[in-house]
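The values are calculated or read from the model by the stated rules, or taken from the named source; none is laboratory data. The structure displayed is predicted, hence computed values, not measured ones. With ideal geometry, Cβ positions are generated from the backbone for all residues, glycine too; neighbour counts draw on all protein chains shown.
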């Protein structure tokens, strides 16, 4: 029974990894008719990915989500709104810099652009936009502003920036926004937002906290496109 209790969570993680693995193996072996070059490492990789995913999920629940919720619930002790907004920016900025997907994207962009777009410039540009989006999301919560009033002007700004931003920055901005929504940012930022919304009187946590991920992605897109415009000068 104890063994099943231990192996159960790992099996749940495996069920998330195995279907896509089977699909890729079928494509490789039956459709493309190409062998898997190193079967041993392939199998060991699946096992390592399963164990790593479960350990990550457990660690995230025990650390990032827990402390994020605690920080959010205690932000109301700060009398000044600008301090809450500044904390939101700092958390969003710092969390984005360690996102593995964004780091991988930044390395690819630097390589494909032959160094014209350095990965550190892109990383910090995206992080700054994400931080602004996070700060804006927390301001929306503490001020109880309807989501549509915040997001519509930002979407209009994106449309304008898309027209004037040189390529390939518009495309990079879209991919960068997706790369920020990874395993570090989402649990932490959502926990802070929900925690903050849950202790503010007259605010519905469900209505106010959700949408903050979209705002952070929008912020990242805008910052990268502005970075692209600045390269003209």
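Of all residues in segment 113-154, those satisfying the criterion of being surrounded by fewer than 17 Cβ atoms within 10 Å (Cβ to Cβ) and outside any helix (DSSP H, G or I) are 113, 114, 115, 116, 118, 144, 145, 146. Being out of contact with any strand residue (DSSP E or B) (no Cβ under 6 Å at 6 or more places or on another chain), free of Cβ contacts under 8 Å to residues at least 40 places away in the same chain, assigned by TED's automatic domain parsing to the domain that holds residue 90 and farther than 19 Å from residue 106 by Cα is a condition met by no residue of segment 176-185. If you filter segment 189-212 down to residues that are surrounded by fewer than 24 Cβ atoms within 10 Å (Cβ to Cβ) and in contact with a helix residue (DSSP H, G or I) (Cβ under 6 Å, 6 or more places away or on another chain), you find that the one that is farthest from residue 167 (Cα to Cα) is 199.
Reported count of residues in segment 159-171, each being in contact with a helix residue (DSSP H, G or I) (Cβ under 6 Å, 6 or more places away or on another chain) and under 22 Å from residue 99 (Cβ atoms), is 2. When the residues of segment 116-142 are filtered to those that are without any contact (Cβ under 8 Å) to a residue 24 or more places away in the chain and over 19 Å from the mean Cα position of the chain (by Cα), the one that is farthest from residue 101 (Cα to Cα) is 116.
Of the helices (runs of 4 or more DSSP H) lying entirely inside segment 23-101, the ones with 3 or more residues being surrounded by 16 or more Cβ atoms within 10 Å (Cβ to Cβ) and modelled with pLDDT of 80 or more are found at 81-97. The one condition from (1) surrounded by fewer than 16 Cβ atoms within 10 Å (Cβ to Cβ); (2) in contact with a helix residue (DSSP H, G or I) (Cβ under 7 Å, 6 or more places away or on another chain) that residue 233 does not meet is (2).
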